[in-house]
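The values are calculated or read from the model by the stated rules, or taken from the named source; none is laboratory data. Since this is a predicted model, take the numbers as computed values, not measurements. Here the Cβ positions follow ideal geometry from the backbone for every residue, glycine too, while neighbour counts run over all protein chains shown.
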Amino acid sequence: MLQNFFILCSGADSSILKTCSEGEQNKYAGIGATVFFTAVMAFIASSYALYTVFDNLAASIFFGLIWGLLIFNLDRFIVSTIKKRDSFSSEFIQATPRIILAVIIAIVISKPLEMKIFEKEINQVLLEEKNEMTLANKDQLALQYTPAVEKLNQDIVALKGEIAAQEAETNALYNTYISEAEGTAGTKLLGKGPVYAEKREKHDAALAELNQLKETNAAKINGIETQIAALNTEYADVVKNSQPIIDGFDGLMARVNALEKLPWPPSFFIFLLFLAIETSPIIAKLLAPKGEYDLKLEDQESALRTWVTQKVRQRAQVLATDTALNEKIYTEIKEEEAVHAYKKLKAEELLKLQADAFHDLQVKSL
């Protein structure tokens with residue numbers, strides 16, 4: 001039963017193959033097994049590739065099965081249509097389109113399995129890329145908030161500068177009236193005289209302004225710090241909301257690009273392996289010697305070709321003979337006087353009927 005199934009996969013004519021030797025049947029069973037397992041590998045690879053796209057096991061298996069059946073049907077058709085000839089070059093030319101297609105299919109099949117084999121290495125490359133993207137994303141988003149935060153910080157520095165300047169002025173007035181009281185500056189009279197009182201009054205007024213300025217600027221600084229905190233919170237929210245997009249950067253195209261960043265020899269040899277698997281049905285058919293089945297198939301086809309050619313020629317001869325006979329018969333009829341007189345009589349009757357019909361039509365129209 002298994003041999004019959006593989007023979008079916010090879011696309012060979014089972015009715016002819018049954019009349020061949022056991023060795024010939026085993027040869028085509030082997031070719032059919034190669035076609036079958038190539039389709040199985042195509043199914044597995046395409047299912048994994050589609051799973052990385054859809055992230056749905058049922059859909060991946062369904063479309064992978066369709067792809068595997070497509071490859072199976074294509075391989076079976078190509079193998080069954082390659083006829084063994086006496087010249088290997090003619091067979092190779094006949095198989096060239098299939099070999100080109102095999103290269104394309106091998107690339108499509110090998111990439112998903114390469115990504116599975118090198119999954120850990122690809123994940124490491126993707127992790128590094130995600131970290132770089134996260135830092136770049138933060139820097140890019142910071143460009144939208146940093147100027148505003150810096151301007152607010154400058155406003156805080158300016159407000160604190162106003163306080164510091166007022167403090168310096170108040171401290172200077174304090175030192176002035178203390179020096180006046182001590183007699184070390186100003187009038188240089190020891191004690192609290194009128195000048196001392198005047199300077200003390202100026203200091204107290206400046207101190208009151210300083211306290212008022214501190215309260216006013218403190219309220220402004222608190223408001224600015226609240227704006228800065230709001231901007232920082234908004235920036236953190238934007239970064240947090242954009243992070244899932246970066247975390248989801250592990251699709252099929254991202255993994256293919258990550259695979260290309262790994263050393264090429266392992267991927268190249270895996271591609272060669274799948275190229276050999278994909279081209280194995282056609283190679284098996286090309287390398288197989290011309291055997292009993294091929295001779296019987298060629299004999300059957302040549303017999304049919306000869307029979308069809310004979311029928312076409314016979315029809316041509318019948319047509320030529322029938323044409324010659326018709327020409328001869330009508331030539332002889334044309335020369336007979338009785339036929340000529342009868343034809344003339346009928347033509348005269350037809351002309352009279354046409355003239356009468358025309359006359360009646362003219363009378364009705366008057």
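The criterion of at least 3 residues that are small (Gly, Ala, Ser) and touching a residue at least 40 places away in the same chain (Cβ under 8 Å) is met, among helices (runs of 4 or more DSSP H) falling completely within segment 4-111, by 22-54. For Pro289, state whether it is of a type outside the set (A, V, I, L, M), closer than 24 Å to Ala33 by Cβ and loosely packed, with under 13 Cβ neighbours inside 10 Å. For Pro289, the condition - of a type outside the set (A, V, I, L, M), closer than 24 Å to Ala33 by Cβ and loosely packed, with under 13 Cβ neighbours inside 10 Å - is met. At least 3 residues being closer than 25 Å to Ser46 by Cα and touching a residue at least 24 places away in the same chain (Cβ under 8 Å) is the threshold, and among the helices (runs of 4 or more DSSP H) wholly inside segment 245-348 those reaching it are 252-260, 264-287. Within segment 53-95, can you find the residues that are surrounded by fewer than 17 Cβ atoms within 10 Å (Cβ to Cβ) and at pLDDT 80 or above? Residues satisfying the conditions are Asn56, Leu57, Ala58, Ala59, Ile61, Phe62, Leu65, Ile66, Leu69, Leu70, Asn73, Phe77. Screening the candidates Leu252, Leu262, Leu272 for the property of being touching a helix residue (DSSP H, G or I) at 6+ places or on another chain (Cβ under 8 Å), more than 30 Å from Ser21 (Cα to Cα) and either at pLDDT 80 or above or exposed (fewer than 11 other Cβ atoms within 10 Å of the Cβ) (or both) yields one hit, Leu262. Can Ala218 be described as touching a residue at least 40 places away in the same chain (Cβ under 8 Å) and assigned to a helix (DSSP H, G or I)? No. Return yes or no: is Ile246 within 23 Å of Leu143 (Cα to Cα) and in contact with a helix residue (DSSP H, G or I) (Cβ under 6 Å, 6 or more places away or on another chain)? Here the answer is yes, as Ile246 does meet what is asked.
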